[in-house]
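Asks: My questions will all concern the structure given below.
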Amino acid sequence: MFSFIGLTSAQTNYDEIGQFDTYQNDWALVKTNGKLGFIDIKGKEVVKPKYDKIDHFDVYQNNWALVKLDGKYGFIDDNGKEVVEPKYDKIDYFDVYQKNWALVKLNGKCGFIDDKGKEVVKPIYDKIDHFDVYYTNLAKVEINNKQGFINEKGEFITNPK
């Protein structure tokens, strides 16, 4: 068990402390009671140990790390702020379906978040195809065995013209 001398405002005892600079410059992954977070080089807690899993930064989105909490996924940024609440069952990579968007799944339904962390298409669709396959700037969607399209703003439309 490691302890940082002279710290009063942050938790100072961790079950494990990883190497600095592995995830983020001047940060080290810490683990306490099975939960993960980060401390900075001065020992200050920048992300409270509450996550079950933390991926590396910049894999899904620049300056963001995918986090898992109670079986749900979200993101934290390089300031330690939670930018997407861990509430999704799955989050795909950004820019696969639409530039600056990532497909999310919640309770078997699909939607999208954008690169600001905003939910731009609520996860209500049973299926979402890639944009531009059927018509420019549109993606075919399916809900309750009915099909239609969403545009690049996430608005549902039935007629592509």
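The values are calculated or read from the model by the stated rules, or taken from the named source; none is laboratory data. These numbers were taken from a predicted model, which means no experiment stands behind them. Positions of Cβ are generated from backbone atoms using ideal geometry, with glycine treated the same way; all protein chains shown enter the neighbour counts.
Asks: Inspect all residues belonging to region 64-75 and state whether any of them is assigned to a loop (DSSP other than H, G, I, E, B), closer than 28 Å to W27 by Cβ and assigned by TED's automatic domain parsing to the domain that holds N33.
Replies: Looking only at region 64-75, we keep the residues that are assigned to a loop (DSSP other than H, G, I, E, B), and these are 70-71.
Remaining after also requiring closer than 28 Å to W27 by Cβ: 70-71.
Now drop any that are not assigned by TED's automatic domain parsing to the domain that holds N33, which leaves 70-71.
Checked region 64-75: at least one residue is assigned to a loop (DSSP other than H, G, I, E, B), closer than 28 Å to W27 by Cβ and assigned by TED's automatic domain parsing to the domain that holds N33.
Asks: Being crowded, with 17+ Cβ neighbours inside 10 Å and touching a Cys at 6+ places or on another chain (Cβ under 9 Å) is the filter here; which residues of region 110-144 pass it?
Replies: V121, P123, Y125, I128, V141
Asks: Still on this structure: Can you work out which of the residues in region 81-109 that are in contact with an Asp or Glu (Cβ under 9 Å, 6 or more places away or on another chain) and closer than 21 Å to P49 by Cα is surrounded by the fewest Cβ atoms within 10 Å (Cβ to Cβ)?
Replies: Going through the qualifying residues, I end up with V83.
Asks: Quick one: would you say Y60 is touching a residue at least 40 places away in the same chain (Cβ under 8 Å) and aromatic (F, W, Y)?
Replies: Considered against the rule, which asks whether it is touching a residue at least 40 places away in the same chain (Cβ under 8 Å) and aromatic (F, W, Y), Y60 comes out as yes.
Asks: Looking at region 140-154, can you tell me whether even one residue there is free of Cβ contacts under 8 Å to residues at least 24 places away in the same chain and at positive phi?
Replies: yes
Asks: Being over 25 Å from the mean Cα position of the chain (by Cα) and either over 19 Å from K99 (Cβ atoms) or hydrophobic (A, V, I, L, M, F, W, C) (or both) is the filter here, so list the residues in region 128-161 that pass it.
Replies: The answer is V133, N144, N145, K146, Q147, G148, F149, I157, T158, N159, P160, K161.
Asks: Which pairs turn up if I take residues in region 99-123 that are farther than 19 Å from A65 by Cβ and look for partners that are among the acidic types (D, E) and not in a loop (DSSP other than H, G, I, E, B) with beta carbon separation below 7 Å, at least 6 apart in sequence or on another chain?
Replies: G111/E119; V120/D114
Asks: May I pose another question? Scanning region 33-51 for residues that are in contact with an Asp or Glu (Cβ under 8 Å, 6 or more places away or on another chain) and surrounded by fewer than 18 Cβ atoms within 10 Å (Cβ to Cβ), which turns out farthest from K68 (Cα to Cα)?
Replies: For region 33-51, the residue satisfying everything is I41.
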